[in-house]
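For reference, the structure discussed in these notes is given below.
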Amino acid sequence: MGSYAPSALECDLLVTNGVIVSPSDLIYPPASDIAVKNGKILCIGALQGIFTAKKAIDAQGAYVTPGGVDTHVHLDQHINGALGDNFENGSRSAIAGGTTTIVTFAFQSKTDESVLPVVEAYHKKASHGISRSLFDGN
């Protein structure tokens with residue numbers, strides 16, 4: 001009977017050597033490697049040599065944080081005569097700053113008799129935006 005040596009575990013992405021910023025702590029190398037598969041974190045720890053990855057990122061000297069959420073952005077809105085960002089450039093600006101989720105502010109005019117048409121209009125915009133992504137993970 002031969003010896004059994006398990007092969008390395010597989011993941012899609014392995015981020016190594018960064019400092020993880022969590023809600024309660026900073027996690028330093030070597031315990032700060034992150035293995036990701038199918039868009040979900042599999043494991044955090046000293047993972048080099050344990051996982052093989054389709055893509056690896058050496059984050060040495062960088063902080064690794066979750067994406068930010070901004071629940072008050074102005075996309076495609078005319079405010080005081082100025083036009084806010086459109087979906088594409090507003091989304092690109094957000095991702096460049098580490099914000100991965102944005103929610104457009106539902107702007108109601110002082111002349112609107114009811115908020116219902118505004119809510120309906122933003123539901124349409126939301127259903128359009130839910131199916132769009134400008135960032136493909138690369």
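Please get the size of the charge dipole for the range 68-130, origin at its Cα centre, with Cβ charges of +1 on Lys and Arg and -1 on Asp and Glu, quoted in debye to the nearest 20.
The calculation lands at about 80 debye.
As I understand it, the value is the acute angle between the Cα axis of helix 116-130 and the longest principal axis of the Cα atoms of the chain; what does it come to in degrees, rounded to 10?
Roughly 30 degrees, rounded to the nearest 10.
Among the lysines, select those whose C-alpha is under 19 Å from the C-alpha of K37, and discard any that sit fewer than 8 residues away in the same chain.
K54, K55
Note the full-extension length gain between Q108 and L83 as 0.36 nm times their separation in residues minus their Cα-Cα distance, in nm to one decimal.
7.5 nm
Treating only the Cβ of Lys, Arg, Asp and Glu as charged (+1, +1, -1, -1), what charge dipole size does the chain show about its Cα centre? Round to the nearest 20 debye.
Magnitude of the dipole: close to 220 debye.
Out of these labelled values of Rg and Dmax of the Cα atoms in Å, (1) 16.0, 50; (2) 13.9, 41; (3) 21.3, 83, which was calculated from the coordinates shown here?
The value computed from this structure is option (3).
Using Cα atoms only, what is the angle between the long axis of helix 87-96 and the major principal axis of the chain, expressed in degrees (0 to 90) to the nearest 10?
On a 0 to 90 degree scale, this one is about 40.
If you put +1 on each Lys and Arg Cβ and -1 on each Asp and Glu Cβ, how big is the dipole of the range 9-64 around its Cα centre, in Debye rounded to 20?
160 debye
Taking the chain as a Gaussian network, where each spring joins two C-alpha atoms under 10 Å apart, which residue of Q108, Q60, Q48 fluctuates the most?
Evaluated over the chain, the most mobile residue of the options is Q108.
With N denoting the number of residues in the range 23-89, provide Rg(C-alpha) divided by 2.2 N^0.38 Å, to two decimal places.
In units of the globular-protein estimate, the range 23-89 measures up at 1.72.
Laboratory data are not the source of any read-out in this text; all were calculated from the coordinates shown. Since the model is a prediction, treat every value here as computed from it, not as a measurement. As a convention, Cβ positions derive from the backbone with ideal geometry for all residues, glycine included, and neighbour counts pool all protein chains shown.
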